[in-house]
1. Please specify each residue of segment 89-112 satisfying the condition of being open to solvent by less than 80 Å² (accessible area, probe 1.4 Å), among the acidic types (Asp, Glu) and assigned to a helix (DSSP H, G or I).
2. Quick check on my filter: what residues within segment 1-15 are without any contact (Cβ under 8 Å) to a residue 60 or more places away in the chain, under 18 Å from Gly68 (Cβ atoms) and either of a type outside the set (D, E, K, R) or surrounded by fewer than 13 Cβ atoms within 10 Å (Cβ to Cβ) (or both)?
3. Does segment 113-132 include one or more residues that are aliphatic (A, V, I, L, M) and open to solvent by 50 Å² or more (accessible area, probe 1.4 Å)?
4. Answer with yes or no whether Ile86 is among the aliphatic types (A, V, I, L, M), open to solvent by 60 Å² or more (accessible area, probe 1.4 Å) and more than 22 Å from Lys130 (Cβ to Cβ).
5. With the structure loaded, tell me whether Ser5 is among the polar types (S, T, N, Q), touching a Lys or Arg at 6+ places or on another chain (Cβ under 8 Å) and either part of a helix (DSSP H, G or I) or at pLDDT 90 or above (or both) or whether it fails that test.
6. Conditions first: (1) touching a residue at least 24 places away in the same chain (Cβ under 8 Å); (2) open to solvent by 30 Å² or more (accessible area, probe 1.4 Å). Asn78 passes all but one, so which condition is the exception?
7. Tally the residues that are surrounded by 17 or more Cβ atoms within 10 Å (Cβ to Cβ) and within 30 Å of Leu101 (Cα to Cα), restricting the search to segment 42-61.
8. When you go through Phe49, Phe26, Phe38 one by one, which is the residue that is out of contact with any helix residue (DSSP H, G or I) (no Cβ under 9 Å at 6 or more places or on another chain), in a helix (DSSP H, G or I) and of a type in the set (Phe, Trp, Tyr)?
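The values are calculated or read from the model by the stated rules, or taken from the named source; none is laboratory data. Quick caveat, the model's predicted, so the values are computed rather than measured. With ideal geometry, Cβ positions are generated from the backbone for all residues, glycine too; neighbour counts draw on all protein chains shown. These area figures cover heavy atoms from the full protein model, side chains too; ligands, DNA and RNA do not enter into them. Shrake-Rupley method; radii C 1.70, N 1.55, O 1.52, S 1.80 Å.
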Amino acid sequence: RLRPSNYPTIRIAQIASLIHKTEHLFSRLMETKEIKSFYELLSAEVSDFWKTHYTFSAESSQRTKRLGKASIEGLLINTIIPFLFIYGKMKLRDDLCDLSLSLLEKIPAEKNSTTREWSKHLGSVDNAAKSQALTELTKNYCTEKKCLYCQIGNSIIQQHT
């Protein structure tokens with residue numbers, strides 16, 4: 001089940017509002033250097049119609065429907081920062097690659113089953129760079145049972161033998 005503020009219609013209205021209200025959005029994203037500026041840029045509010053609707057057909061009580069901090073962080077971690085990194089690689093712009101990695105270190109780690117499990121073994125997973133790295137390790141090594149090819153998996157096996 002989805003919470004009403006996470007309905008696809010609301011998310012589409014939010015991104016449409018962002019595109020409509022932000023002139024030269026791509027350029028602004030490429031020029032933004034500070035994490036605070038990304039939060040400001042991405043906190044677009046929906047149009048008046050969507051303030052009183054969750055779907056096209058049913059009216060609801062009026063609510064402000066803007067992306068919250070966690071949603072913006074998810075958008076940054078999973079979409080904007082990887083795009084920024086790849087764009088930097090393609091255009092041979094090391095500054096964009098460095099910026100993308102720096103931004104990941106400034107965003108809190110995602111809270112999910114993968115990061116909770118790793119926290120039991122490693123202690124606190126405190127930023128998105130670490131949580132993304134651990135998600136990739138889990139996907140490519142743990143899930144595939146390739147512990148012997150992973151330095152972390154190897155050390156855990158050696159501790160228990």
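1. If the condition is that a residue be open to solvent by less than 80 Å² (accessible area, probe 1.4 Å), among the acidic types (Asp, Glu) and assigned to a helix (DSSP H, G or I), then Asp95 is the only one that fits.
2. Listed by number, the residues that qualify are Leu2, Arg3, Pro4, Asn6, Tyr7, Pro8, Thr9, Ile10, Ile12, Ala13, Gln14, Ile15.
3. Yes, segment 113-132 contains at least one residue that is aliphatic (A, V, I, L, M) and open to solvent by 50 Å² or more (accessible area, probe 1.4 Å).
4. No.
5. Judged against the criteria, Ser5 is a match.
6. The one condition Asn78 does not meet is (1).
7. Step one: of segment 42-61, the residues surrounded by 17 or more Cβ atoms within 10 Å (Cβ to Cβ) are 42, 44, 46, 50, 53-54.
Pick out the ones that are also within 30 Å of Leu101 (Cα to Cα) and you get 42, 44.
Qualifying residue count for the region: 2.
8. Phe26 is the lone residue from the list that is out of contact with any helix residue (DSSP H, G or I) (no Cβ under 9 Å at 6 or more places or on another chain), in a helix (DSSP H, G or I) and of a type in the set (Phe, Trp, Tyr).
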